[in-house]
Amino acid sequence: MIPFLHKKTISCGLNVGTSWLKMVCLRKERQGISLDRLGNMVLPVRAKGDSRAVGKAAKVLHTSLSCNNTIVTSSLRGHEVIVKYMQIPLTKDMLPVVEKEAGEQIPFDLADLYLDFQVIKPGEKKAKKGEVMVVATKKKVVTDLEATLDIAGLSLAVVDVDAFALHNCFAFNYPEQTEPVYLLDIGSGQSILGIHEPGRPFYFREFGFGGQQITQAVAKELAISLEDAEGFKLKGFPDNQHLEASHCMTEVCRHWCQEMKRVEHFFQTSTTISAVPKTMYVSGGGGLLPGLISLFASELDLEITYLEPWRKIDVDTNQFDHDYIKAVGPLFAIPTGLALRGCL
């Protein structure tokens, strides 16, 4: 077999969370897409808000994976971008039209923003307008991300949005899913809830809750350190603290459900989804909390299942342990969605 006749492309997705860094590298070949490498690491406490510390941590993670590709796709959080769905005239040169409409609807000087758009619904053949998604972010936000990656020795290929990367991961891995479903990614300090339905806009909302909130609540309730609370949360509490800790975590998660119900009601009454979703796919480290799936199913009256980010991606069991991949999969939904940007 002559290797140069079989081109391989490595695409890397780097997700910079509030407490974790996660990287997924995918390999695109003629026969399809396969998982090349993955890794994650906890950000040092001092790294919060410190681009240099985050950059150094990203360098450590990238080096540990022995990945030769230094060009990555990364993403911004929802509060760092403005997403607008507009009914605007469809022309051959859309940019001037989009800029004009954006200038009227976005409360910032366009000179300070990066602007991108995508036609969601072109409309009927004779229609003069279509639905267009416009995404804007301040140039400084992107510049800061580039500076962070530069410290890591990395360069930026594409800037995505966490929620869109989550959606991209699901859409690729579940092409047969034609009914509306909820996607929920629970991070450490923030979470994303969105609705996926093929051919329609991806509506999403971000919440200020995540696994960190449970850790803090348990630490306060049991009068233990945050480090101990985090360890017990993942591995199990001592018998004399189990009941109290379980009650505390359940109350926090029920509060999450109340917040999600309000957003679900908004989605159902204020968006163009064709039907009320009956299923929710969960991802993110916070979603791996024992008992969470059954609690959500009961509180939200939905079928709850974990999102499998490599369901349609080849995973070499000689390179990756099957049980490990199955256990950690939901952690890597967003970075997988980012890496897919370079493969599709």
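Take G55 and decide whether it is more than 18 Å from the chain's Cα centre (by Cα), assigned by TED's automatic domain parsing to the domain that holds D160 and at positive phi. Judged against the criteria, G55 is not a match. Among the residues of the stretch 273-301, the ones that are in contact with a Ser or Thr (Cβ under 8 Å, 6 or more places away or on another chain) and in a strand (DSSP E or B) come to 4 in all. Can we say L156 is touching a helix residue (DSSP H, G or I) at 6+ places or on another chain (Cβ under 6 Å), in the same structural domain as N15 (by TED's automatic domain parsing), under 30 Å from W310 (Cα atoms) and surrounded by fewer than 21 Cβ atoms within 10 Å (Cβ to Cβ)? Yes: the conditions hold for L156. Of all residues in the stretch 306-327, at least one satisfies being modelled with pLDDT of 95 or more, surrounded by 23 or more Cβ atoms within 10 Å (Cβ to Cβ) and in contact with a Cys (Cβ under 8 Å, 6 or more places away or on another chain).
Entry remark, the stretch 88-113: residues being at pLDDT below 95 and in a strand (DSSP E or B) number 2 in total. Within the stretch 177-187, restricting attention to residues that are more than 12 Å from the chain's Cα centre (by Cα) and assigned to a loop (DSSP other than H, G, I, E, B), which residue is surrounded by the fewest Cβ atoms within 10 Å (Cβ to Cβ)? Among them, the one singled out is T178. Under the condition of being within 22 Å of V159 (Cα to Cα) and free of Cβ contacts under 8 Å to residues at least 60 places away in the same chain, the residues counted in the stretch 97-123 number 18.
Residue by residue, here is whether (1) within 22 Å of the chain's Cα centre (by Cα); (2) buried (at least 16 other Cβ atoms within 10 Å of the Cβ) holds:
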| position | (1), (2) |
| --- | --- |
| T70 | yes, no |
| G78 | yes, yes |
| V81 | yes, yes |
| D93 | no, no |
| V97 | no, yes |
| F108 | no, no |
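Restricting the first member to the stretch 313-341 and to residues that are closer than 29 Å to V159 by Cα, and the second to residues that are modelled with pLDDT under 95 and among the β-branched types (V, I, T), the beta-carbon pairs closer than 7 Å and six or more apart or on different chains are R341/V158.
When S246, S274, S270 are checked against the criterion of being without any contact (Cβ under 8 Å) to a residue 40 or more places away in the chain and surrounded by fewer than 17 Cβ atoms within 10 Å (Cβ to Cβ), S270 stands alone in meeting it.
Would you confirm whether any residue within the stretch 61-74 is at pLDDT below 95, part of a strand (DSSP E or B) and in contact with a Leu (Cβ under 8 Å, 6 or more places away or on another chain)? Looking for residues that are at pLDDT below 95, part of a strand (DSSP E or B) and in contact with a Leu (Cβ under 8 Å, 6 or more places away or on another chain), one finds none in the stretch 61-74, hence no.
Quick one: which of A171, A165, A136 is farther than 21 Å from L65 by Cβ, of a type outside the set (D, E) and not in a strand (DSSP E or B)?
Step by step, each of A171, A165, A136 is checked, and only A171 is farther than 21 Å from L65 by Cβ, of a type outside the set (D, E) and not in a strand (DSSP E or B).
The values are calculated or read from the model by the stated rules, or taken from the named source; none is laboratory data. Predicted model only: the values in this text are computed from it and were never measured. As a convention, Cβ positions derive from the backbone with ideal geometry for all residues, glycine included, and neighbour counts pool all protein chains shown.
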